[in-house]
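Enquirer: What follows is a structure written as structure tokens; I'll ask about it next.
The values are calculated or read from the model by the stated rules, or taken from the named source; none is laboratory data. All of these numbers come straight from a predicted model, not from anything done at the bench. Positions of Cβ are backbone-derived with ideal geometry, glycine not excepted, and every protein chain shown enters the neighbour counts.
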Amino acid sequence: MEISKIANFHSRSHGAVPQPKGDRRFHVWLFLVAIFLLMSSGMPVATAAGGQDKPVATAPGGGEKPVVVTAPGGSEKPAAAPAGAGEAKDTPNAMSVISNTCVSCHSEDNRGIIQQWGNSKHYGANVGCYECHKAEEGDPDAFMHKKYLISTLVTPKDCARCHETETKQFAASSHARAGSNLDVTIPHTLATMVQSDGTKEGLQAATSGCVQCHGSKIEVNKSGKLLPHTWPNSGIGRVNPDGSLGSCTACHQRHDFSLSQARRPETCGKCHQGSAHPQKDVYNESKHGISFYSNIEHMNLSSPKWIPGQDYYSGPTCTTCHMSGTLTVGMTHDVGKRISWNLSQPVSKPTGDDSDARRDEMKSVCFSCHTERYVENFYSQFDNTVNLYNNKYGEPGVRLMEALLKSGLRTEKQFDDPIEWVWFKLWHVAGRNARSGAAMLAPDFAQWKGFAELAELFYSRLLPEADALITKAEAAGRGAQVAEAKKALLDIKNDPANVWMKSSGQ
Ligand code: HEC
Ligand code: HEC
Ligand code: HEC
Ligand code: HEC
Ligand code: HEC
Ligand code: HEC
Ligand code: HEC
Ligand code: HEC
């Protein structure tokens, strides 16, 4: 334990209110750029600076002392990126002339963008508009904009120019593939078949729903403009015109790209909450969520480095467990790297041959704040919950649904038979609630929104509805054809896990 860090931490948290880095410098610089450009364009300076229509809300002239002229790139600016910026490279000594031009114009119409960027570490490192938005010849979404070839999208390929490590890790994650693997799935049928009016535009339910989380396939017209049924979109696995997958701005909101924002659980909660993937709701109810929100002012959220047990001591966030570095493992942008079970499928399976190694990496996070026995016992409870779900509901349910299909009691097409809706709700909502609740410590999800719902759907809907289908077929003289379904149903009823159905007791 580093005592000096603790001392530091305390003096920081009780010290003066921190000033956003480079703030005043930014306004002075913006003012100078504005004057320079307005003078060279022959416009009267008075209308820009100090006039009623100030270019920036808190621009110089609003009571701030005039400051010595230190142009960007002056000695105040760090020439190289300080620690914490990963492997960011290409840090120039001054803002590029082209970016200055972009700013001069956009500070009139889109002040919000300029201000956000002015608060960012990028501004401090002379990474301007053009450094991110510049396009290569041949990019499908490139267009000429005031003499410069740019694109509106800033994709992982663009960020990779300076952040190679993070981009590689992200590209290896299932996040990056969450948009491209969408159209072959059962929930996808829900969007295209059940919620469409039969036209491409009529896929609005998916445009505003599925792909805002998963990512759209972005389409561009001949002049490089992005088509409205595909953009705006910051889905995590967006398919970009330059061939890259994903969207860094799914988590790093532009244009401040602040670490404190990315580390908050709300960042993940845009996608990871609600009935099908309740992780944020689970977290809010958990001891970890309680601890985070109770201690938020001690969480040191904007620290360049963010090691649990060293830079903060209270409730871990999604980031802590799934991404951050610890004293023993490095930070990762592959959020699957510490996951040992797949919890989102009808039946949970280990995530691969290396699932033990993945689990060990997660445990190393827990060890920052808990002892080994505590963590081992937690995993034993978690595994038992997943196995209970698999053995009692997931696997028998899959077998029953397959037998109904083979017996012609439902069709291959999804969601045309009522029993398919029951089954979907069972594993996709209740089954995920139970498993997520156990994985991330929300007993209400594990029990009432999980196992209680599972039991109701299984015993009072799935089995009776299967029974009715079989009985009806038998009455119609098709007993032989539905024998397989009948056997699957009987197997479930005779399973020791379900003997309670036969007993007359309480
Ligand atoms: C799932 C959300 C998420 C996505 C997507 C994401 N990031 Fe991050 N990123 C984070 C979080 C959270 C942190 C802070 C982690 C910490 O400090 O423990 C971070 C940190 C960083 C850092 C600072 C690294 C350091 O050493 O301090 C850089 C640079 C970065 N991300 C770049 C990217 C790039 C480039 C992409 C796209 C290829 C990307 N991120 C996509 C969540 C995300
Ligand atoms: C002479 C003024 C001017 C300059 C210089 C300028 N822009 Fe723009 N830019 C505009 C205007 C006006 C729009 C359209 C605004 C709107 O639709 O609200 C625009 C739109 C954009 C868009 C959105 C395009 C879209 O998809 O619709 C981006 C991105 C952009 N500019 C970036 C830049 C960058 C990067 C630079 C510097 C290389 C730059 N601009 C230089 C005036 C300018
Ligand atoms: C660190 C990289 C980065 C820098 C620097 C940057 N941008 Fe962006 N910008 C982005 C990203 C990421 C998006 C999101 C586009 C997308 O969907 O991929 C974006 C989107 C935009 C858009 C379109 C979206 C909207 O909200 O209208 C405009 C316009 C824009 N930027 C202008 C600017 C201007 C002007 C500057 C300079 C002050 C600038 N950007 C600096 C990364 C950057
Ligand atoms: C031209 C190089 C360049 C490009 C392109 C670029 N960055 Fe950066 N980025 C940097 C530098 C340099 C820093 C370090 C600044 C510092 O720490 O002072 C940085 C810092 C960051 C940080 C950490 C911020 C913090 O508060 O410590 C994040 C997150 C980040 N970048 C994300 C992105 C994303 C996402 C993109 C693409 C949309 C991107 N960057 C594009 C150079 C770049
Ligand atoms: C609110 C954001 C959100 C919306 C809307 C959404 N999803 Fe998802 N989806 C997720 C998240 C988060 C996961 C990961 C769940 C987990 O691991 O527990 C996921 C998982 C999936 C998976 C399983 C991936 C796997 O490998 O386990 C499929 C398939 C899927 N979604 C398809 C869809 C379709 C199709 C739609 C629209 C009908 C949709 N989703 C709507 C966020 C969303
Ligand atoms: C824009 C939507 C979005 C955001 C924001 C987002 N995710 Fe995801 N996440 C998804 C989707 C969709 C999936 C399912 C991917 C698939 O398997 O197809 C997923 C999957 C995951 C998985 C399972 C990975 C695996 O390989 O099994 C983890 C863990 C995860 N996300 C953690 C996070 C964390 C932590 C954050 C915040 C720092 C976050 N996500 C932010 C949409 C998102
Ligand atoms: C205390 C650490 C911790 C925190 C905090 C945490 N998780 Fe988890 N998460 C876990 C563990 C442990 C698992 C189960 C891992 C396994 O399968 O081995 C898990 C599983 C998941 C999965 C399931 C992936 C799958 O298989 O479908 C997703 C998605 C996820 N977490 C996202 C999040 C999000 C989003 C947050 C914040 C709202 C969050 N987690 C907060 C530890 C944490
Ligand atoms: C940054 C510190 C930190 C990390 C990392 C952390 N925890 Fe915790 N954990 C806490 C705190 C604080 C509590 C609340 C203690 C209390 O209620 O007295 C807690 C409580 C718990 C509880 C008790 C839940 C309850 O409802 O009683 C379990 C179990 C647990 N953590 C498991 C884990 C696991 C497993 C991991 C790793 C995947 C982990 N923790 C990572 C700080 C942490």
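Enquirer: If Pro316 satisfies all but one of (1) at pLDDT 95 or above; (2) away from ligand 4 (no atom under 16 Å from the Cβ); (3) surrounded by 21 or more Cβ atoms within 10 Å (Cβ to Cβ); (4) more than 19 Å from the chain's Cα centre (by Cα), what's the number of the condition it fails?
Expert: Failed condition: (4).
Enquirer: Within region 406-463, which residues are basic (Lys, Arg) and either within 16 Å of ligand 4 (Cβ to nearest atom) or part of a helix (DSSP H, G or I) (or both)?
Expert: Result: Lys406, Lys425, Arg432, Arg435, Lys449, Arg461.
Enquirer: Moving on to the next point. Residue by residue through region 319-340, note down the ones that are farther than 25 Å from Asp353 by Cβ and surrounded by fewer than 19 Cβ atoms within 10 Å (Cβ to Cβ).
Expert: Of everything in region 319-340, just one residue is farther than 25 Å from Asp353 by Cβ and surrounded by fewer than 19 Cβ atoms within 10 Å (Cβ to Cβ), namely Leu327.
Enquirer: Please specify each residue of region 235-277 satisfying the condition of being among the small types (Gly, Ala, Ser), near ligand 6 (Cβ under 7 Å from one of its atoms) and within 20 Å of Pro187 (Cα to Cα).
Expert: Within region 235-277, Gly235, Gly237 meet the criteria.
Enquirer: To continue, here is another question. From the list Tyr393, Tyr374, Tyr389, which one is assigned to a helix (DSSP H, G or I), modelled with pLDDT of 95 or more, away from ligand 7 (no atom under 11 Å from the Cβ) and more than 25 Å from Val335 (Cβ to Cβ)?
Expert: Tyr393
Enquirer: Does Ala176 fit the bill of being surrounded by 18 or more Cβ atoms within 10 Å (Cβ to Cβ), at pLDDT below 90 and either under 29 Å from Phe424 (Cα atoms) or within 16 Å of ligand 8 (Cβ to nearest atom) (or both)?
Expert: Criteria not met by Ala176.
Enquirer: Condition first: within 20 Å of Asp256 (Cβ to Cβ) and in contact (Cβ under 8 Å) with a residue 40 or more places away in the chain. Can you find one or more residues in region 132-151 that meet it?
Expert: no
Enquirer: Step by step: first the residues of region 164-173, then only those that are assigned to a helix (DSSP H, G or I) and surrounded by 18 or more Cβ atoms within 10 Å (Cβ to Cβ), then the one that is nearest to the chain's Cα centre (by Cα). Which residue is that?
Expert: Phe170
For (1) without any contact (Cβ under 8 Å) to a residue 24 or more places away in the chain; (2) outside the structural domain of Leu457 (by TED's automatic domain parsing); (3) basic (Lys, Arg), each residue gets a yes or a no:
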{"residue": "Ser344", "(1), (2), (3)": "no, yes, no"}
{"residue": "Ser348", "(1), (2), (3)": "no, yes, no"}
{"residue": "Arg358", "(1), (2), (3)": "yes, yes, yes"}
{"residue": "Asn384", "(1), (2), (3)": "yes, no, no"}
{"residue": "Val398", "(1), (2), (3)": "no, no, no"}
{"residue": "Met401", "(1), (2), (3)": "yes, no, no"}
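Enquirer: Could you figure out which of (1) small (Gly, Ala, Ser); (2) more than 16 Å from ligand 4 (Cβ to nearest atom); (3) surrounded by fewer than 18 Cβ atoms within 10 Å (Cβ to Cβ) isn't true of Gly289?
Expert: (3)
Enquirer: Shifting gears a bit: With respect to Asn93, is the statement that it is in contact with a Gly (Cβ under 9 Å, 6 or more places away or on another chain), modelled with pLDDT of 50 or more and surrounded by fewer than 19 Cβ atoms within 10 Å (Cβ to Cβ) true?
Expert: When the stated conditions are applied, Asn93 passes them.
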